[in-house]
Amino acid sequence: MRESFEQAVAEGRCGDRLWLYATYHCNLACVYCLTESHPRIANRRTLSQETMTRAAREARELGFGAIGVTGGELFMLRDAPETLALLGEILPTVALTNATLFTSRLLDRLAPLAGLDVALQVSLDAPEAAHNDALRGPANFAKVVDSIPRLVQRGIHVRIATTVEDQTEDELRKLCELHRGLGVSDDDHVVRRVVRRGRAELQQMGVDPGPTDILPELTITADGAFLHPFGPTVRNGRTDLDLLVSRQCVPLESALRRFLRVTADQPVGTDVLRDIR
Ligand SMILES: C[S@@+](CC[C@H](N)C(=O)[O-])C[C@H]1O[C@@H](n2cnc3c(N)ncnc32)[C@H](O)[C@@H]1O
Ligand code: SF4
């Protein structure tokens, strides 16, 4: 199994990152959110620390090279700092976060991450509060630009992710000036379009991804394993199952077997557009 997976990665059929949807619960309700996350979501679809660390250990044995943690908002979970430290000891880990829950106490609990291969990828959409907050919620900009330097000061690797809907070139240029000033380099800034799934679909926002536009990366959720991290989206409270590859997530090997069967049927090569992430 490890050999087939490594070959699929080498052929460009899939990535070597395992994604974990830690929870669908969130303190925010961004207008384009692909998981329809919000503070009162009925079905939180949370993965336990044990499930996440088990999946990560099995992933390492199967030849995966990295872990991505997303949601929902990971830091809605009480044990998030410890879970991240455990994951970072298994494989290089990036955790996607809105960075709005970082009290001084929580920042202190994150201190061990500075010594590990763990990055926090913080969402920030525009260089000024009005536009950023229209997309991500009231006071979001102020909280994020306060949190980033506090993380950087503690030696934590910070990345920034910008999700683009109607930002101008000038705004994106100013956003780069802002993140450099906050201590985050250009190499640590990801910019990608809103994908028309989840709340973005209800709002008629973003681009419609074609079947091969997004690089397959095995993605584990409480609902099962999916083809890539834009797969387990939610519309009107229900998980979309069009990109489900397996209801079973552990042992990871059985989900990976089904994932490799799906990716084997997909075209590969430089003619395939995979530029959405
Ligand atoms: C779903 S969020 C989960 C992590 C965390 N709550 C956050 O907002 O960073 C992960 C990333 O996906 C982005 N995102 C949310 N909905 C999206 C959509 N419809 N298309 C593309 N990116 C989206 C967010 O802006 C964020 O950068
Ligand atoms: S994009 Fe992230 S912060 Fe915004 S509602 Fe979705 S999960 Fe929460």
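At a glance:
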{"read-out": "Region 1-55 shape via C-alpha gyration tensor axes, a/c threshold 1.5", "value": "oblate"}
{"read-out": "Charge dipole of the chain about the Cα centre (unit charges at C-beta), most positive-ward option of SER147, ALA59, ILE41", "value": "ILE41"}
{"read-out": "Over the chain, relative contact order from alpha-carbon pairs under 8 Å, at least 6 apart, %", "value": "22 percent"}
{"read-out": "Cβ-placed point charges (K, R +1; D, E -1), dipole of the chain about Cα centre in debye, nearest 20", "value": "820 debye"}
{"read-out": "Total formal charge among the other residues, if their Cβ is under 14 angstrom from that of VAL144, Lys/Arg +1 and Asp/Glu -1", "value": "-1"}
{"read-out": "Cut-off 11 Å between beta-carbons: net charge of the residues surrounding GLN49, Lys and Arg +1, Asp and Glu -1", "value": "-1"}
{"read-out": "Dipole of the chain, positive end: most advanced residue of GLN203, GLN266, LEU106 [Cβ charges, Cα centre]", "value": "LEU106"}
{"read-out": "Rg/Rh for region 2-263, where both radii come from Cα atoms and Rh is the Kirkwood radius", "value": "0.94"}
{"read-out": "Exposed-loop-free span, longest in the chain, where GluC sites (Glu not before Pro) count as exposed if DSSP calls them loop and at most 16 other C-beta atoms lie within 10 Å", "value": "129-277"}
{"read-out": "Given charges at beta-carbon only (K, R positive; D, E negative), |dipole| of region 1-141 in Debye", "value": "380 debye"}
{"read-out": "About the Cα centre, charge dipole magnitude for region 130-197 (Lys/Arg +1, Asp/Glu -1 at Cβ), debye", "value": "360 debye"}
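Just so you know, all these numbers are worked out from the coordinates, no wet-lab data involved. Note that the structure is predicted; figures quoted are calculated from it, not measured. As a convention, Cβ positions derive from the backbone with ideal geometry for all residues, glycine included, and neighbour counts pool all protein chains shown.
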